[in-house]
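Asks: Here it is, the structure in full.
We did not get these values from a lab; they are worked out from the coordinates using the rules stated. Please read these numbers as outputs of a predicted model, since none were measured by experiment. So basically every Cβ, Gly included, is an ideal-geometry build from the backbone, and we count neighbours across all protein chains shown.
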Amino acid sequence: MKNLPRTLAMLVLLSAAAGPGLLHADEDESPRTIAISAKRFEFEPKQITLKKGEAVTLAVTSQDVTHGFFSRPLGIDADLAPGKTEEVRVQPKEAGTFTVICDHYCGSGHGGMKMVIVVE
Ligand SMILES: [Cu+2]
């Protein structure tokens, strides 16, 4: 009798499925726009985060009375007329945490009307 041929075990190599290469999402050429609303006595959102060196447009709209939108270190100084949207360009050069204040008197809570821009 013939010996049964030995069964050869086959090694199955499982190769990890290689991805089609890393996809790099190109940076959008046009500046990102962030909508911000202003009304007595707050900005909404209260905080945004930007990247150092990234140019963005802040589209700031007053919902009620005239407000200011001011941050000296970020070079922001805008007046916000009621019902209008002011496009404020900003391109932060430094990382840090910056406060934007309303610098146009708008009533009893004016002194606390501010928002924070974090640059990282
Ligand atoms: Cu104010």
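Asks: Using amide H atoms built 1.01 Å from N in the peptide plane, name the residues 5+ places from residue 50, or on other chains, whose amide H lies under 5 Å from its own.
Replies: 118, 119, 120
Asks: Give me a comma-separated list of calculated 3J(HN,Hα) values for the range 43-48, in order, Karplus coefficients 6.51, -1.76, 1.60 applied at θ = phi - 60°, integers in Hz, x for any Gly or Pro.
Replies: Couplings: 9, 9, x, 7, 8, 10 Hz.
Asks: What ranking do 85-97, 67-79 get when scored by the average of other Cβ atoms within 10 Å per residue, highest first? Don't jump to the answer; show the numbers that get you there.
Replies: On the way: 85-97: 14.5, 67-79: 18.0.
Output ranking for 85-97, 67-79: 67-79, 85-97.
Asks: By its C-alpha gyration tensor, with a ≥ b ≥ c as the square roots of the eigenvalues, how is the range 54-120 shaped: rounded for a/c under 1.5, else prolate for a/b larger than b/c, else oblate? Please report the intermediate quantities before stating the final value.
Replies: Numbers: a/c = 2.62, a/b = 1.50, b/c = 1.74.
Oblate shape, in that a/c is at least 1.5 and b/c is the bigger or equal ratio.
Asks: If you plug each phi of the range 113-118 into the Karplus form 6.51 cos²θ - 1.76 cosθ + 1.60 with θ = phi - 60°, what whole-Hz ³J(HN,Hα) values come out, in order, with x for Gly and Pro?
Replies: 3J(HN,Hα) across the range 113-118, in whole Hz: 8, 7, 9, 10, 10, 9.
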